[in-house]
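Asker: Take a look at the following structure, please.
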Amino acid sequence: MSQQTSYPEGSALKGQITSRQRRGSAWQLAFQVSTIIGIIALIALLYNITNQAFGLVAIQNKVEPSSLVLALEEERLLSAENTVTSEDDNELVAGIASDANAIGFFGYAYYQQNSDQLKLLTVDGIAPTAESVQNETYGLVRPLYLYTTADVLAQNQAANIFLNYYLTHINEEIEDVGYFATSDAQLSEARAAWTAASGLNLQPGQWAAINPEGITGQLSVVGSSTLFPVNERIAERLAADGFAATVNLANVGSTAGLRAFCEEGTADIAAASRPITSAEFEACRENDLRPIEIQIGTDALAIVTSPENSFTTNVTQQELRTLFDTATTWADANEAWPNNPVARYIPGADSGTLDFFAETVFPKDLANLSKETLVELLTANISVGLGRRLEREQRFYDDRLVFDDPDLFAEACASDNPAAGCTMPARDQENVYELLLQEVVAPDVVSAWSLMDSLFARDEVEAFVATEYPNAELTFRSWLTLDFITSPQSSTPEFAGVRTAIMGSLWVVAITVFFSFPIGVGAAIYLEEYASDTFINRTIQTNINNLAGVPSIIYGMLGLAIFVRTLEPLTSGALFGVGDGTTANGRTILSAGLTLGLLILPVIIIAAQEAIRAVPHSLRQAGMALGATKWQTIWAHVLPSALPGILTGTILAISRAIGETAPLVVVGASTLIFVDPNSPFSKFTTLPIQIYQWTARPQAEFRNIAAAAILVLLVLLLSLNASAILLRNRYARRA
Amino acid sequence: MTSTVTGFANGNLAVEARNMHVYYGPFRAVKDVSLKIKTHAITAFIGPSGCGKSTVLRSFNRMNDLVATARVEGEILYHGNNIYSNDVDPVEIRRRIGMVFQKPNPFPKTIYENVAWGARINSYKGDMDELVESSLRQAALWNEVKDKLQESGYSLSGGQQQRLCIARTIAVKPDIILMDEPTSALDPVATLRIEELIQELKKNYTIIIVTHNMQQAARASDFTAFYNMDEDRAGYLVEYSGTNELFTNPKNELTEQYITGRFG
């Protein structure tokens, strides 16, 4: 009955068989290549995100915590009982010399000039000597600096040669003035900085002193009174060596000197008895100046008493702190000392020596300060308006108000919508500390690097930070932290978090699932098990298939028209008398969830139909043959068997819903809200929208947190999928 | 049609088909079948493929309703009631006339649940454990599964699965059990066990069995109905009589040709 097929023989047969095999291999290769391309694309994506989400950052404080504490300490020192304060150091010397119970402090140079009237105490058993200062075994020291820039050295020959001469001869002069020479290592570092800046082609370690004779022009050295006598000596010596340029020396103090150097541009070289602050450095940067820091010596603090003091020659740092803090008598600091009242002699508030003393003797950490002190610092550094706002969020003290007017506060609390501060317990120390960090210290990420740069180009990054942001702290930062996940949205990237967005996403997805899963599965059951094959049912089926392919933005328009506008009383919650109808309008979680529900409904219906169709017919027959109704059979046997397939389709649909942005933008997701959603009638934002919004911000740090948020989104997505898959496997195993 | 099965009292009449035609859409699959089934007896339906014997069997408990295009004409009388009359609930009919299928089809549930589910949805009020045990005992499966009642029905072998399906049918306490080639998917040993079981069940139930296997019909049944299809491919009843008689002394030439293996 059938025709004999004639197959070719010999080489023709071989040709046919091998070409088939070759075609097979070619297809296999094509599939493998496309799989590999897919994996590479995925890896590139993850690499990109990870690269952004982790890496080195340079953090710079707006105000250094140490300077905050310093002001506080000085005020306390000056206002302590039994304290003599004077701007005139001679007065202090005379006072101390004549009072056996006196204690005071001077710069070491000043002490040397008056060493016959004063008695020097050792600190922790160590006297200030060249050696103990240089290796810092003597605790109370401060470095002395000159600041200039490479541009000044390149353009102003007089300044260039002045600094060369300064570095050549400084150690011959500085000890005569009463300070301590800087170490050879530090000096050669300073010389290397000068060499690099002035453009001399010298070998490392080599030092060429230039003959100053016949150089003309002018330069100005402005700043510290501490360094003034040193500068004077160098200038005189230069002039004696034939330097013909005019050297303008100004004795105005470190702060004024750096201001003249950075902001006014009137100084070629700034002299300072303390390191430059970040604020000053920023001022320099704004004027395109990159200060070079050169340490030319070290000053030490001399702790002195009257020569008539017979009971001690030493004081420990702890005793020193007590003597200038809580002690009223000497015995309070050390029981071996007499029970005589302490007479404290300290220089006035404008003196750099007081800063020096407060800084070295009372180094305090902000975090350890009492709540009262922290509130005081906050009061001194923030505006009353901000303080009032913070106080209404949460009070500082239960029994009194710091910023707010009691009457206004009471009025605000009596209103229909009382502030949180009216009922919440007062802030604790930790809370106030956080507030101080955020509002006053305000650490700011001034620059951030990618993970790859951080790992493989760390040296360059460090060098960059050292020149551009010397006061900044370089730390490795994971932008993805627990804080990031638990913090609400913020307009500063350092404090911004995704809690609000995560909650929004979860709420929206929950509504989406509760809406579309039952309806979708119900529709699938109807279409598969009950619907007869009529024209209407065929039309419905075709429409569902088409709807699964409609662009999501169209669903957004639909949601806007139906849920946000037409059903506003329902979706805003006004119908139920809940929700904030005035602000959210219909742009609520409910509207978003229903819109996304519509979006994934066709997908769920189609997946559920496929799964129900795949249940063997014999199972339905078995159920029906036992006298079960159709619904009993479907519910007990068909649905459980179809559930794994239904869940697979639902998981895919939900994943899509979590990642959707466009329809939610149309429906009216908020881009910047700080309040967690707490009902279906809340305003909301979701993770993808948050990411979208952050990537559109100009500040670079927002891209880092956007990358971190993408990781959160991926993890959220994967864990939701994983739990759904676990659920599915449970059902699949039971079958 | 040649039928010699008329000689039992009406009290022994389990179910009766009268001039029954079954259509699938425009196609007539079964033509003018009339026969009476005796209670507490095993009636076998034999015939070549496509002769409509399964369709006739399924008509007895309205399983054909599950096929959207199927339509039955004529009457099937169950205790004097036409089960195809408009006011009859097929669900109630299927409870009384149970069915075992060609391929074992246990539910994807535990052995216990397989047996208990049918009784539960029919609002059985008694002791469920007892019912499960007695049903499994009647199906000669109890000794094999009594220690693994909570395991999946799929963990059993094919023959055990088929006995489980029988047990699940028994648990609903039907009058009549329809069996559609219950052993065709089983090996000879399992087949023999099912045949023995059917003999046991005869005491309590009326059994109608469709089989492809003439030896099985000859061995295991009391009555045999032979179907064939006509030139329009519609099945019709050729001969219906006591099994012994049909196999030893067939009245119809076609029957003789079929049982001697000359066609089919």
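The values are calculated or read from the model by the stated rules, or taken from the named source; none is laboratory data. In this text, all values refer to a predicted model and were calculated from it rather than measured experimentally. Note that we place each Cβ from the backbone using ideal geometry, even for glycine, and neighbour counts take in every protein chain shown. Just so you know, the surface numbers come from the protein's heavy atoms only, side chains and all, with ligands and any DNA or RNA stripped out. Shrake-Rupley method; radii C 1.70, N 1.55, O 1.52, S 1.80 Å.
Asker: What number of residues in the range A:622-644 are open to solvent by 30 Å² or more (accessible area, probe 1.4 Å) and either within 7 Å of chain B (Cβ to nearest Cβ) or more than 19 Å from B:R94 (Cα to Cα) (or both)?
Answerer: Count: 5.
Asker: Which residue is farthest from the other protein chains (Cβ to nearest Cβ), if the candidates are limited to the range B:74-93 and must be closer than 23 Å to B:N204 by Cα and β-branched (V, I, T)?
Answerer: Once the filter is applied, the top-ranked residue is B:I76.
Asker: Any residue that is under 17 Å from B:T206 (Cβ atoms), of a type outside the set (S, T, Y), in contact with a Pro (Cβ under 8 Å, 6 or more places away or on another chain) and within 12 Å of chain A (Cβ to nearest Cβ) - is there at least one of those in the range B:104-114?
Answerer: No, the conditions are met nowhere in the range B:104-114.
Asker: Could you say whether any residue in the range A:691-709 is within 14 Å of another protein chain (Cβ to nearest Cβ) and of a type in the set (F, W, Y)?
Answerer: No, the range A:691-709 contains no residue that is within 14 Å of another protein chain (Cβ to nearest Cβ) and of a type in the set (F, W, Y).
Asker: Ok, one more. Is the range A:270-286 home to any residue that is crowded, with 18+ Cβ neighbours inside 10 Å, in a helix (DSSP H, G or I), of a type in the set (S, T, Y) and modelled with pLDDT under 85?
Answerer: For the range A:270-286, residues crowded, with 18+ Cβ neighbours inside 10 Å, in a helix (DSSP H, G or I), of a type in the set (S, T, Y) and modelled with pLDDT under 85: present.
Asker: Over 11 Å from B:G235 (Cβ atoms) and either touching a Lys or Arg at 6+ places or on another chain (Cβ under 7 Å) or crowded, with 19+ Cβ neighbours inside 10 Å (or both): does that describe B:A29?
Answerer: In short, no.
Asker: Do you know which residues across the range B:240-260 are over 24 Å from the mean Cα position of the chain (by Cα), free of Cβ contacts under 8 Å to residues at least 40 places away in the same chain and assigned to a loop (DSSP other than H, G, I, E, B)?
Answerer: B:N249, B:T260
Asker: Tally the residues that are within 17 Å of A:I170 (Cα to Cα), under 41 Å from the mean Cα position of the chain (by Cα) and open to solvent by 70 Å² or more (accessible area, probe 1.4 Å), restricting the search to the range A:189-240.
Answerer: 1
Asker: Let me ask something additional. Can B:E200 be described as within 19 Å of B:S134 (Cα to Cα), open to solvent by 10 Å² or more (accessible area, probe 1.4 Å) and of a type in the set (D, E, K, R)?
Answerer: Considered against the rule, which asks whether it is within 19 Å of B:S134 (Cα to Cα), open to solvent by 10 Å² or more (accessible area, probe 1.4 Å) and of a type in the set (D, E, K, R), B:E200 comes out as yes.
Asker: Any residue in the range A:241-250 that is crowded, with 17+ Cβ neighbours inside 10 Å, in contact (Cβ under 8 Å) with a residue 24 or more places away in the chain, under 23 Å from A:P347 (Cα atoms) and over 33 Å from the mean Cα position of the chain (by Cα)?
Answerer: yes
Asker: Name the single residue that is farthest from B:L178 (Cα to Cα) among those in the range B:115-127 being more than 7 Å from chain A (Cβ to nearest Cβ) and among the small types (G, A, S).
Answerer: Applying the filter and picking the extreme gives B:G126.
Asker: Among A:R565, A:R538, A:R499, which is the only one that is over 36 Å from the mean Cα position of the chain (by Cα), closer than 26 Å to A:L652 by Cα, among the charged types (D, E, K, R) and open to solvent by 70 Å² or more (accessible area, probe 1.4 Å)?
Answerer: A:R538
Asker: Has the range B:163-173 got any residue that is out of contact with any helix residue (DSSP H, G or I) (no Cβ under 6 Å at 6 or more places or on another chain), surrounded by fewer than 21 Cβ atoms within 10 Å (Cβ to Cβ), within 14 Å of another protein chain (Cβ to nearest Cβ) and within 30 Å of B:N122 (Cβ to Cβ)?
Answerer: Within the range B:163-173, one or more residues are out of contact with any helix residue (DSSP H, G or I) (no Cβ under 6 Å at 6 or more places or on another chain), surrounded by fewer than 21 Cβ atoms within 10 Å (Cβ to Cβ), within 14 Å of another protein chain (Cβ to nearest Cβ) and within 30 Å of B:N122 (Cβ to Cβ).
Asker: Name every residue in the range B:119-154 that is assigned to a helix (DSSP H, G or I) and in contact (Cβ under 8 Å) with a residue 24 or more places away in the chain, in order of residue number.
Answerer: Within the range B:119-154, B:A119, B:L131, B:V132, B:S135, B:L136, B:Q138, B:V145, B:G153, B:Y154 meet the criteria.
Asker: If you don't mind, another one. May I ask you to say which residue of B:A185, B:A190 is in contact with a Lys or Arg (Cβ under 6 Å, 6 or more places away or on another chain), surrounded by fewer than 22 Cβ atoms within 10 Å (Cβ to Cβ) and farther than 19 Å from B:A14 by Cα?
Answerer: Criteria check complete, one pass: B:A185.
Asker: Of all residues being open to solvent by 60 Å² or more (accessible area, probe 1.4 Å) and not in a helix (DSSP H, G or I) in the range A:679-727, which is nearest to A:I589 (Cα to Cα)? Just the residue, please.
Answerer: Top of the filtered list is A:K683.
Asker: Residues in the range A:78-108 that are within 26 Å of A:T379 (Cα to Cα), in a helix (DSSP H, G or I) and either open to solvent by less than 30 Å² (accessible area, probe 1.4 Å) or not small (G, A, S) (or both): how many?
Answerer: Residues flagged as within 26 Å of A:T379 (Cα to Cα), in a helix (DSSP H, G or I) and either open to solvent by less than 30 Å² (accessible area, probe 1.4 Å) or not small (G, A, S) (or both) within the range A:78-108 amount to 1.
Asker: Could you list, in sequence order, all residues of the range A:168-184 that are assigned to a helix (DSSP H, G or I) and more than 40 Å from the chain's Cα centre (by Cα)?
Answerer: A:T168, A:H169, A:I170, A:N171, A:E172, A:E173, A:I174, A:E175, A:D176, A:V177
Asker: Go through the range A:646-678 and give me each residue that's open to solvent by 30 Å² or more (accessible area, probe 1.4 Å), free of Cβ contacts under 8 Å to residues at least 60 places away in the same chain and part of a helix (DSSP H, G or I).
Answerer: A:L652, A:R656, A:G659
Asker: Could you tell me which residue of the range A:583-621 is farthest from the other protein chains (Cβ to nearest Cβ), considering only residues that are open to solvent by 30 Å² or more (accessible area, probe 1.4 Å) and β-branched (V, I, T)?
Answerer: Once the filter is applied, the top-ranked residue is A:T583.
Asker: Looking at the range A:372-436, what helices (runs of 4 or more DSSP H) fall wholly within it and have at least 3 residues that are closer than 30 Å to A:E494 by Cβ?
Answerer: It comes to A:384-393, A:429-436.
Asker: While we're here: Out of B:R137, B:R71, B:R96, I need the residue that is within 11 Å of chain A (Cβ to nearest Cβ) and open to solvent by 10 Å² or more (accessible area, probe 1.4 Å). Which one?
Answerer: B:R96
Asker: Pick out, from the range A:463-558, the helices (runs of 4 or more DSSP H) lying fully within it that include 1 or more residues that are within 14 Å of chain B (Cβ to nearest Cβ) and either closer than 30 Å to A:T671 by Cβ or not β-branched (V, I, T) (or both).
Answerer: Helices (runs of 4 or more DSSP H) meeting the threshold: A:535-547.
Asker: I need the full set of residues from the range B:220-257 which are open to solvent by 10 Å² or more (accessible area, probe 1.4 Å) and closer than 18 Å to B:G50 by Cβ, in order please.
Answerer: The answer is B:N228, B:M229, B:D230, B:E231, B:D232, B:R233, B:Y236, B:L254, B:Q257.
Asker: Further, regarding this structure: I'm trying to understand the selection: among the residues of the range B:203-219, which are of a type outside the set (S, T, N, Q) and either surrounded by 23 or more Cβ atoms within 10 Å (Cβ to Cβ) or part of a loop (DSSP other than H, G, I, E, B) (or both)?
Answerer: Within the range B:203-219, B:K203, B:Y205, B:I207, B:I208, B:I209, B:V210, B:H212, B:A217 qualify.
One line per residue, one yes/no per condition, for (1) small (G, A, S); (2) open to solvent by 50 Å² or more (accessible area, probe 1.4 Å); (3) at pLDDT 85 or above:
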| site | (1), (2), (3) |
| --- | --- |
| A:M1 | no, yes, no |
| A:P8 | no, no, no |
| A:A26 | yes, yes, yes |
| A:T35 | no, yes, yes |
| A:G55 | yes, no, yes |
| A:V63 | no, no, no |
| A:R76 | no, yes, no |
